[in-house]
Amino acid sequence: MAKNSHFEGSARLFRALPSSHDDLSERETAAFASPNHSKKGESSVSINPSERLLNLPPQFFADLVGRAEKLRQAGHPVINLGQGNPDQSTPTAIVDALKNAADNPLYHRYIPFNGLFELKRAVADWYLVRYGVVIDPDREVSILIGSKIGLQEISLALLNPGDTAMVPDPGYPDYWSGIRLAGAEMMSLPLRPDLDFLPDLGAWVPSAKLAFLNYPNNPTGRLASPQFLDEVIRLASKDHVVLAHDLAYGDITFDGRQSVSLLSRPGGKDVGVEFTTVSKSYNMAGWRLGFAVGNPTLIRYLDLLQDHLHCSQFGAIQMAGIAALGQPPEALAQLRTLYQHRRDLLIASAAEAGWEIPPSEGSVFVWCPIPTSESAVKFCDRVLRDADVVLAPGTGFGEAGEGYVRISLTASSDQLVEAMRRIGQLMSSSTRG
């Protein structure tokens with residue numbers, strides 16, 4: 001590969017992101033309200049948001065959660081299956097590592113902006129054990145304040161206005177945010193049911209600069225094969241497209257399946273970077289710690305950007321991250337068993353209610369065909385209003401998500417069963433009506 005050839009040049013403009021101006025959440029509408037409507041005691045000075053802020057895609061799920069919280073505060077017995085927020089506790093050994101490190105004055109000061117080398121080495125060790133991939137901790141690992149930040153920063157590091165990035169549709173909405181912030185354009189790679197929710201590579205854009213992948217997939221819960229990743233790497237290498245692989249759910253797979261690291265495939269490290277996190281594997285979503293691993297040029301770009309934006313995560317949290325990556329395999333096996341049990345219980349309970357749901361292969365989500373003729377948004381609105389259950393409409397992840405809802409497995413077994421009972425009762429009453 002020619003020096004930096006994957007990371008230079010521009011991409012032809014294909015399709016703009018849908019405008020967010022007419023689809024703001026309640027919180028965003030309030031944030032952009034005219035100063036003339038300011039509350040008593042607030043400044044009357046005209047303060048207007050930048051175009052960059054106005055052009056961000058709507059935070060659909062923030063609005064959904066806000067509505068659910070209003071119902072909860074009003075006394076409704078709301079069951080939230082719309083978020084992938086782990087409900088289990090962080091393992092004690094990890095918490096203890098944080099407590100011990102917090103007593104060390106070394107971490108009360110600024111640490112290296114690029115993060116602790118000890119944690120980078122632990123990430124490299126984890127990759128070798130987990131995927132058989134040899135990683136240079138000094139040049140091929142970047143410490144992130146949660147992988148969400150890195151998935152946005154990769155667009156800021158690579159894209160110019162007018163460049164194009166490919167995203168899965170349906171897919172994780174925060175990919176869109178980074179693309180918007182960079183002033184670039186987005187092109188969809190549809191995840192088609194007849195392809196088992198793998199991207200339709202017939203929609204591949206050779207002139208794009210960046211492409212996002214995510215397996216195990218959010219929201220569809222599907223896995224990608226080594227052969228599929230090999231084909232994507234071939235296309236990326238041929239067309240000089242950078243691959244950003246979101247591996248947030250790599251440890252959570254079902255029925256004996258295994259996730260595949262992009263970096264474990266021939267040429268994967270040449271064309272891409274992989275984003276991982278401790279949030280889901282170790283129940284540490286609130287700790288905000290993730291990693292980017294891969295091509296050293298991309299890692300250098302991410303670190304340079306972070307030098308300007310952050311001062312790295314609290315050192316004690318990074319030390320806890322080392323403890324997390326060193327957890328025994330049995331701990332992850334127990335977590336997989338828990339989520340698989342919940343998946344099976346959800347599917348069985350839904351079937352009793354007359355709702356047939358195919359099993360997911362990984363992640364903490366189940367991708368469910370809507371059991372009525374309603375749109376995704378209307379079905380979810382009715383379920384929230386009449387059954388006090390929060391579901392995520394598939395269209396919140398892209399246009400190709402119409403006809404589906406995403407259900408999270410991060411609620412207790414009792415809550416999952418009760419939610420399906422309520423929805424079944426709602427469906428039954430609708431049929432009778």
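The values are calculated or read from the model by the stated rules, or taken from the named source; none is laboratory data. Model, not experiment: these values are computed from the prediction. Positions of Cβ are generated from backbone atoms using ideal geometry, with glycine treated the same way; all protein chains shown enter the neighbour counts.
Pairs meeting the criteria (first residue in region 49-71 and over 25 Å from V389 (Cβ atoms), second residue of a type in the set (F, W, Y) and surrounded by fewer than 17 Cβ atoms within 10 Å (Cβ to Cβ), beta carbons under 9 Å, at least 6 apart or on different chains) are P49/F32; L53/F32; L54/F32. Selection of region 396-433 for residues being over 20 Å from F254 (Cβ atoms), at pLDDT 95 or above and of a type in the set (V, I, T) yields only I423. Of the numbered criteria (1) surrounded by 20 or more Cβ atoms within 10 Å (Cβ to Cβ); (2) touching a helix residue (DSSP H, G or I) at 6+ places or on another chain (Cβ under 8 Å), the one K280 fails is (2). No other residue among A101, A74 is in the same structural domain as Y339 (by TED's automatic domain parsing) and aliphatic (A, V, I, L, M) apart from A74. Scanning region 273-313 for residues that are assigned to a loop (DSSP other than H, G, I, E, B) and more than 22 Å from the chain's Cα centre (by Cα) returns a single hit, C311.
Among the residues of region 57-97, the ones that are hydrophobic (A, V, I, L, M, F, W, C), farther than 30 Å from I347 by Cβ and surrounded by fewer than 19 Cβ atoms within 10 Å (Cβ to Cβ) come to 3 in all. For the structure I just gave you, tell me whether G256 is within 30 Å of M284 (Cα to Cα) and either outside any helix (DSSP H, G or I) or not assigned by TED's automatic domain parsing to the domain that holds S281 (or both). Taking the combined requirement at face value, the residue satisfies it. The residue list D251, D270 contains one member that is in a helix (DSSP H, G or I) and under 23 Å from P137 (Cα atoms), which is D270. Residue count for region 94-116 satisfying the condition of being in a helix (DSSP H, G or I) and over 27 Å from the mean Cα position of the chain (by Cα): 9.
Quick one: would you say I347 is among the aliphatic types (A, V, I, L, M), within 20 Å of D196 (Cα to Cα), modelled with pLDDT of 95 or more and in a helix (DSSP H, G or I)? It is true that I347 is among the aliphatic types (A, V, I, L, M), within 20 Å of D196 (Cα to Cα), modelled with pLDDT of 95 or more and in a helix (DSSP H, G or I). Each residue in region 324-352 was checked for being farther than 14 Å from S413 by Cβ, surrounded by 19 or more Cβ atoms within 10 Å (Cβ to Cβ) and over 23 Å from the mean Cα position of the chain (by Cα), and 0 of them qualify. Against the criterion of being touching a strand residue (DSSP E or B) at 6+ places or on another chain (Cβ under 7 Å) and charged (D, E, K, R), K209 qualifies.
Checking region 253-273 against the condition returns no match, with no residue being touching a Phe, Trp or Tyr at 6+ places or on another chain (Cβ under 7 Å) and more than 30 Å from P358 (Cα to Cα).
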